[in-house]
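In what follows, a single structure is set out as structure tokens and then discussed.
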């Protein structure tokens, strides 16, 4: 897609406060004015269209890769995707499902409750709960492919 992960005034075609950029204030204004940039509006439309959202990515420094995190930062906009008491069970995207499908560099034993990296469910909690669940998604169990770069063709 060549999605630009940098969040700034280019997210909007209107300006609420030209003197000081406050992202959430501009998001709320763009929601009222229907004035998100075309690339952001297209992604918001996809969120409202989908029944199931799947993030497929390599686990990167215990989180989302930068471009995917930038996608969340730009597309999960206050006013249209959350805010005003619309979160968790009252979330805008309630009734839809979301799921993580990811790869890791290390083996499964490194992501167990006693593993060197810690429990994979704890690592994924900020994404599953703080992103997906926060905006109302029902979160499905993740699919994790461990140590893919260390697998042979048969595995």
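Each value in this text was obtained by applying a stated rule to the coordinates, not by laboratory testing. Bear in mind the structure is a predicted one, so any value in this text is a computation, not a measurement. All Cβ positions, even for glycine, are placed from backbone atoms using ideal geometry, and neighbour counts span all protein chains on display.
Considering only DSSP beta bridges where both residues belong to the chain, give the percentage that are antiparallel (nearest 5). Spell out each step's value before the answer.
Details: 3 of 16 bridges.
Approximately 20 percent, going by the DSSP bridge assignments.
To make sure I understand, if each residue's beta carbon is the centre and we count other beta carbons within 10 Å, what order do 109, 103, 114 fall in, fewest to most? Mind dumping the intermediate values first?
Numbers: 109 12, 103 15, 114 7.
Ordered from fewest to most neighbouring Cβ atoms within 10 Å, 109, 103, 114 come out as 114, 109, 103.
How would 35, 112 line up from fewest to most surrounding beta-carbon atoms within 10 angstrom? All intermediate terms of the calculation are to be shown ahead of the outcome.
Numbers: 35 17, 112 13.
Ordered from fewest to most neighbouring Cβ atoms within 10 Å, 35, 112 come out as 112, 35.
Give the order of 75, 148 when sorted by the count of other beta carbons within 10 angstrom, beginning with the fewest.
With the fewest neighbours first, 75, 148 line up as 148, 75.
Just order 41-53, 22-34, 126-138 by mean Cβ neighbour count inside 10 Å, highest at the front, would you?
Going by the mean number of other Cβ atoms within 10 Å, highest first, we get 126-138, 22-34, 41-53.
Relative to the first principal axis of the alpha-carbon coordinates of the chain, what is the inclination of helix 38-49, with its axis defined by its Cα atoms, in degrees from 0 to 90 and to the nearest 10?
Roughly 60 degrees, rounded to the nearest 10.
Would you mind pulling out the separation of the Cα centroids of the range 111-155 and the range 30-50, in Å?
Each part reduced to its Cα centre gives a spacing of 28 Å.
Would you mind calculating the gained length between residue 88 and residue 73 on full extension (0.36 nm times residue separation, minus the Cα-Cα distance), in nm to one decimal?
Numbers: separation 15, 0.36 × 15 = 5.40 nm, distance 1.77 nm.
So the chain would gain 3.6 nm between residue 88 and residue 73.
What value, in deg cm²/dmol to 500, does the helix sum -39500 (n - 2.57) over DSSP H runs of n ≥ 4 give at 222 nm once divided by the residues of the chain? Don't skip to the end; give the middle numbers.
Working: 4 runs with 41 residues, N = 155.
For the chain, the value works out to -8000 deg cm²/dmol.
Where does helix 23-33 land angle-wise versus the long Cα axis of the chain, in degrees 0 to 90, nearest 10?
Roughly 60 degrees between the two axes.
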